[in-house]
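Data block below; observations after.
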Amino acid sequence: MAQAKPTIHDKAIDALMTVLARRDWGEISLADVAREAEVSLADLRAAYPSTGAILGAYVKRIDLAVLKDDSSDLADQPVRERLFDLLMRRLDAMEPHKAAIRRLRRGLRYDPFAAKAWNQLSVTSHQWTLAAAGVTETGALGATKAQVLACAFSSVLDAWAEDLDPGHDRTLRILDEQLGRLERLAEAANGLRQLTAPLRAFCCGSSRRDRSAPGEELSEANAI
């Protein structure tokens with residue numbers, strides 16, 4: 001069976017990562033990407049609105065590569081082991097574009113606007129990581145968890161991008177350290193939640209009583 005012809009979306013992603021391996025993020029233009037992808041600017045515009053959107057599509061491609069693998073064998077593993085496996089899958093999926101990621105990570109140190117945009121992409125990705133690990137990712141608490149995980153993985157990604165050892169010993173060590181910190185943070189947060197449970201229950205009870213007071217006064221007034 002003939003291999004499917006790459007779409008313009010895929011060609012643009014591959015072109016961006018190829019150019020990024022050679023040039024800093026802030027120097028890459030839409031024309032550079034179109035030229036590398038061998039497509040017109042009009043066709044590139046029809047596919048993506050900006051280089052940032054193309055980078056976002058690359059991150060989504062990595063997400064899909066991580067999520068498509070069966071994770072059912074991780075169900076009985078501790079959360080730390082599940083996250084370790086999922087984050088290693090992410091690094092493996094990015095390996096072909098390691099030079100581009102290395103250049104991107106270096107450039108983000110001097111571009112706060114690009115760093116902020118990258119952080120948002122990372123937080124979104126790690127909401128899916130949490131979901132795959134069986135960790136609640138909804139609501140404000142879920143968003144906070146995803147942000148914390150994104151920050152932890154940022155340190156791992158920096159180490160991985162500069163780690164030229166085939167065994168990735170330094171990367172594995174830092175990943176283990178970061179997951180250990182997350183585990184301790186989760187335990188501390190859970191302990192704090194249990195410690196403050198009586199106070200939160202009292203405050204919620206007081207709030208409910210306050211909300212019911214006007215209704216009670218109205219009922220008494222109607223009875224007169």
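The values are calculated or read from the model by the stated rules, or taken from the named source; none is laboratory data. Nothing here was measured: the structure is a model prediction, and the numbers come from that model. Heads up, the Cβs are rebuilt from the backbone with ideal geometry, glycines too, and the neighbour counts pull from every protein chain shown.
So which of ILE174, ILE224 is modelled with pLDDT of 95 or more, out of contact with any Cys (no Cβ under 8 Å at 6 or more places or on another chain) and either more than 23 Å from LEU20 (Cβ to Cβ) or surrounded by 10 or more Cβ atoms within 10 Å (Cβ to Cβ) (or both)? Within the list ILE174, ILE224, the selection yields ILE174. Looking at segment 87-189, the helices (runs of 4 or more DSSP H) lying wholly inside it that each contain 2 or more residues that are basic (Lys, Arg) and either touching a His at 6+ places or on another chain (Cβ under 7 Å) or in contact (Cβ under 8 Å) with a residue 12 or more places away in the chain (or both) sit at 98-108. Return a yes/no flag: does segment 59-67 have any residue that is within 20 Å of GLN127 (Cβ to Cβ), loosely packed, with under 13 Cβ neighbours inside 10 Å and under 20 Å from the mean Cα position of the chain (by Cα). Yes, there is a match, as at least one residue in segment 59-67 is within 20 Å of GLN127 (Cβ to Cβ), loosely packed, with under 13 Cβ neighbours inside 10 Å and under 20 Å from the mean Cα position of the chain (by Cα).
Of all the criteria given as (1) more than 15 Å from the chain's Cα centre (by Cα); (2) part of a helix (DSSP H, G or I); (3) surrounded by 11 or more Cβ atoms within 10 Å (Cβ to Cβ), the one not satisfied by ASP73 is (3). Among the candidates GLU95, GLU81, the residue that is within 22 Å of GLU162 (Cα to Cα) and surrounded by fewer than 14 Cβ atoms within 10 Å (Cβ to Cβ) is uniquely GLU95.
For segment 111-120, the set of residues classified as closer than 9 Å to ALA150 by Cβ and crowded, with 17+ Cβ neighbours inside 10 Å is empty. Taking the condition in contact with a Phe, Trp or Tyr (Cβ under 7 Å, 6 or more places away or on another chain), surrounded by 20 or more Cβ atoms within 10 Å (Cβ to Cβ) and more than 23 Å from THR51 (Cα to Cα), does THR129 pass? No. When segment 16-50 is filtered for residues that are within 18 Å of ARG102 (Cβ to Cβ) and in a helix (DSSP H, G or I), the ones remaining, listed by number, are LEU16, MET17, THR18, VAL19, LEU20, TRP25, GLY26, GLU27. Taking the criterion of being aliphatic (A, V, I, L, M), more than 29 Å from TYR110 (Cβ to Cβ) and surrounded by 15 or more Cβ atoms within 10 Å (Cβ to Cβ), the residues of segment 1-57 that qualify are ILE8, VAL39.
Annotation note: Cβ proximity below 9 Å between a residue of segment 46-64 that is free of Cβ contacts under 8 Å to residues at least 60 places away in the same chain and a residue that is among the aromatic types (Phe, Trp, Tyr) (sequence gap 6+ or interchain) occurs for THR51/TRP25; ILE54/TYR48; ALA57/TYR48. Taking every residue in segment 27-43 that is under 16 Å from ALA53 (Cα atoms) and pairing it with any residue that is among the charged types (D, E, K, R), at least 6 positions away or on another chain, the pairs with Cβ-Cβ distances below 6 Å are ALA37/LYS11. Would you check which residues across segment 138-158 are surrounded by fewer than 19 Cβ atoms within 10 Å (Cβ to Cβ) and not charged (D, E, K, R) and list them? Correct list: THR138, GLY139, ALA140, LEU141, GLY142, ALA143, THR144, GLN147, VAL148, CYS151, SER154, SER155.
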